[in-house]
Amino acid sequence: MEKEQPPGQRKAAEIPEIRQEDEEDTVKLATIRIPGRPSPIRHSSRTGGGSDARKLQAPLLAPFTPPEAARAEPKQSEEEQAEQIAQEETRELPLPPALAEAESRLAEIETAKLPAAPVPAFPPPTWVDVAERAAAALALLPTRQLPALKAAGRREEERAWRLSRGQAFCLLVLLLILVINASTSSLAQLLGPQGWAFMLWGPTAGSNNVLQQIRSALPSATPSVHATEPSSQQLTPAAYINLILRTMTLDQKLGQMLFVQFTGPYYSLDLSTMITQENVGAVILFTANNNIISIPQLKQLTQEIQNGARTAGSGIPLLIAIDQEGGLVDRLRDLDGPRPSAAEIGATNDPERARAAGLQDAHDLASYGINLNLAPVVDVTSVYNPQLDTRTFGSDPGLVTRMAGAYLQGLQQSGQVFGTLKHFPGLGDVSVDPHSGLPVLTRSLAQLEANDWLPYRTLIQTGQVHAIMVTHEIVKAVDSSTPSSLSPKVITGILRQQLGFQGVVITDSLTMEGISAYYNESQAAVMAVQAGADLLMGPISAQTAASMLEALKSAVQTGTLSVQRIDESVRRILMLKYQLGLLHLPQ
């Protein structure tokens, strides 16, 4: 017979034993999350999660307690269980080793103490620094000018810009002087060697003006009140020329012997340099060099050339030349219309037509300020030469002489323009152009005397020839090795001594192929002066002119050329300028 057990024990004994597999299933059911309630399980590790689940399931798996036993401690056990559950829910689970190590390093970095940065040693601020900082700080503050102060500031500014009557008058006078001087000069003069000083006050006292020095040195020519006869000490033209020569420097003398050309229609800086610093004696105008554009432009150009020489250069006016032959060589065609060629005039066999042509050319040239015409052509045509086509009066030496003489009379009648016979010793019997080669003249001396040189001899004897141009050719009967423009036998032997010409000898351009193929400009210049030439045509820039001048000066210093020989040429050039009215005897 079984022993009777207590009711509580009997219930507990009736509960079957829970197997391990059932326990695991129960755990899985216990871990099911109820919506709206956070899960009490923390998946920090596999073992920790299972332990927590068992703790939560412990009340469910505990033996059944009878109601009487439960009522013995009802509230205490529920409160303890609630507190235990709360503790389990809020218990902080341990971090994984890797995260714990990273958190530890981060804490060390955040709390690490950085070393103190070195403090630069600044000098103690001075009162000037303090004042500057204060001024800068004040400048940054927004400001607003009051209307009254703004008006007062404007009045002060206007008063500062207002000129007194005296100041305005002085500025007006300076401006008037500048305008007057600029109207008679040019931009090149303004930008030239003397610049603003020249434009305001004219040539400086220390300039190399030869004529001004002579006037200053001469005694006053004002007649006395008691004088009854003219002064016996009045200068003659020859004496005046010699006085100019004695006053001139060697550089000024050599400059007078240069016959230059230039490019452009205006008084350029390069041209100004040749006139005011290199003291050249003559310039030539070419349409090919764009020197002739319009009537006002040409007049202004020649005026500026002469003003430059008189005021900023040596004071000696220039020869301004042109080739105004008519026909194919008509430099002023675009300004004055066409003029008849020498062939047309010669075909009339009427010297009056030639004289009228000379008068017309003189009038045209003088109106433009041109004083030297490189015409007429007195070559006697024997063979066809394209260079001389329609440029000669004919093939008869007598006709050429008459027509050329009549033309010179008309051209030089006013005394403002002189002519030039060309091309000595004669291009009428050659077919090569000196611009492109060196012609060879094979006529005998007798033929040359009877044909080519007859116009020169006849016209020289009349006394109306002031200038002759020598061309580049080989004259077999005179000098078979040297071009005529560089040959002493041709210039000094034939032209000076045999034909008796004592005027100005001008070389044709030394830049032509007939010369430049054999000599450079510097060599040709020295040889031409040795041969007896006075004016050397060719330089087209201040640089080439300077090279030629340096060669001539070196030849004088080494004895190749004498100062006496230079003086002979300069005396002829100055006399020609005097005869043209460019030089005047001091009064």
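The values are calculated or read from the model by the stated rules, or taken from the named source; none is laboratory data. It should be emphasised that the depicted structure is a prediction, and the values quoted were computed from it without experimental measurement. Glycine also receives a Cβ, built like all others from the backbone with ideal geometry; neighbour counts cover every protein chain displayed. With ligands, DNA and RNA removed, areas are computed over all heavy atoms of the protein, side chains included. Shrake-Rupley method; radii C 1.70, N 1.55, O 1.52, S 1.80 Å.
Just a few scattered comments:
- Extension gain from Glu449 to Ser480, taking 0.36 nm per residue of separation minus the Cα-Cα distance: 9.4 nm
- Annotation: amide H-H contacts under 5 Å for Gly326 (H modelled 1.01 Å from N, sequence separation of 5 or more, or interchain): Arg331.
- Ligands, DNA and RNA are left out, and with a 1.4 angstrom probe the accessible area of region 260-580 is 35 Å² per residue.
- Look at where the Cα atoms of region 508-587 and of region 434-503 average out, and the two centres are 19 Å apart.
- FRET efficiency for the pair Thr558 and Glu352, taken as 1/(1 + (r/R0)^6) with r the Cβ-Cβ distance and R0 = 35 Å, rounds to 0.05.
- When the C-alpha to C-alpha distance is required to be over 28 Å, the pairs from Lys299/Lys553; Lys253/Lys422; Lys253/Lys476; Lys476/Lys553 that qualify are Lys299/Lys553; Lys253/Lys476; Lys476/Lys553.
- With a Förster radius of 25 Å applied to the C-beta separation of Gln497 and Val440, the computed FRET efficiency comes to 0.60.
- Simple spin-label estimate for Leu171 and Ala135 gives 3.0 nm between the two label positions (7 Å along the Cα-to-Cβ direction from each Cα).
- Ranking Leu574, Asn290, Phe393 by how far each Cα lies toward the positive end of the dipole of region 260-580 (charges on Cβ) leaves Leu574 at the top.
- Apportionment of accessible area to carbon and sulfur, region 260-580, percent (1.4 Å): 50 percent
- Karplus-based coupling profile of region 560-567, in residue order and whole Hz: 5, 10, 9, 5, 4, 5, 5, 4, with θ = phi - 60° in 6.51 cos²θ - 1.76 cosθ + 1.60 and x standing for Gly or Pro.
- Site pair Ser516 and Ser431 shows an inter-label distance of 2.6 nm when each label is modelled 7 Å from Cα along Cα→Cβ.
- Ordered from largest to smallest accessible area (heavy atoms of protein chains, 1.4 Å probe), the residues Glu132, Glu278 come out as Glu132, Glu278.
- With all protein chains in place and ligands, DNA and RNA left out, the 1.4 Å accessible area ranks Leu175, Leu499 as Leu175, Leu499, largest first.
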